[in-house]
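Working notes, structure below.
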Amino acid sequence: MIVSPQHYPVESPSFEWAVKLRQPVSIVVIAACAALLATTPLSWQGASLIGLALDSLGFVLVVVAAFGRIWSSLYISGYKEDRVVTEGPYAIVRNPLYVFSFLGALGLGLATRHVAVLAVVAAAFILYYPLVVLTEERNLQGKFGQVYGDYASRTPRFFPHRFQLVEPDVYPVRPRHARRSLQQIILFFWAYLILHLAAVFQQGGGSAHLPIF
């Protein structure tokens with residue numbers, strides 16, 4: 001159902017600065033992680049049982065994040081400003097793109113084999129992105145009013161209470177937006193490959209074999 005944009009009073013806090021500073025904050029986090037990669041030793045070795053398990057977990061998280069973001073983007077891309085999307089993953093949680101992005105970030109952190117990098121990535125998401133989400137939800141509440149309020153009251157923000165999907169037989173997809181989302185997903189895999197290879201070279205001085213995970 002398409003709802004015409006309107007303005008409603010909302011009581012939730014607004015952190016517009018967090019939305020505006022997403023790109024600079026991301027750059028700072030990436031720079032901090034790069035510094036840690038260059039100056040700290042590996043936290044575990046890939047040849048150990050724990051190392052193999054953590055490498056495999058990182059790869060699985062990146063795959064889940066990639067396909068989860070594709071799934072979410074097919075429903076939300078091009079519609080975020082037009083209506084309240086309640087189908088697909090948005091029937092399970094209100095912010096599936098952020099949930100899958102968090103999983104992907106953890107996977108990339110594990111690919112580095114640095115606990116410090118993993119901690120920085122996790123802390124950045126946990127401390128910063130909830131502010132972005134609160135602001136976005138506040139804006140949606142102000143734009144769509146009771147429709148969004150009803151949706152928010154029955155659908156959790158991040159942690160699903162149940163997995164009851166709402167999937168229409170036919171759903172219009174906007175190809176241009178879907179293509180952009182697919183291009184962004186490819187970056188997840190490139191980032192994982194680069195970080196994983198960097199960890200392998202750091203471990204073996206460039207002479208180690210190069211397994212995928």
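Overview of results
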{"read-out": "Total formal charge among the other residues, if their Cβ is under 15 angstrom from that of residue 105, Lys/Arg +1 and Asp/Glu -1", "value": "+2"}
{"read-out": "Region 147-192 - charge dipole about Cα centre, Lys and Arg +1 at Cβ, Asp and Glu -1, debye rounded to 20", "value": "220"}
{"read-out": "Unit charges on C-beta of K, R, D, E only; dipole of the chain, Debye", "value": "240"}
{"read-out": "Residue-span extension gain [residue 16 to residue 127] - 0.36 nm each, minus C-alpha spacing", "value": "38.4 nm"}
{"read-out": "Highest average packing first - 152-165, 91-104, Cβ atoms within 10 Å", "value": "91-104, 152-165"}
{"read-out": "Label of the coordinate-derived value, Rg and Dmax of the Cα atoms in Å, listed as (i) 19.4, 62; (ii) 23.1, 80; (iii) 19.3, 86", "value": "(i)"}
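FYI, it's all coordinate maths here, none of it is from the lab. Bear in mind the structure is a predicted one, so any value in this text is a computation, not a measurement. Note that we place each Cβ from the backbone using ideal geometry, even for glycine, and neighbour counts take in every protein chain shown.
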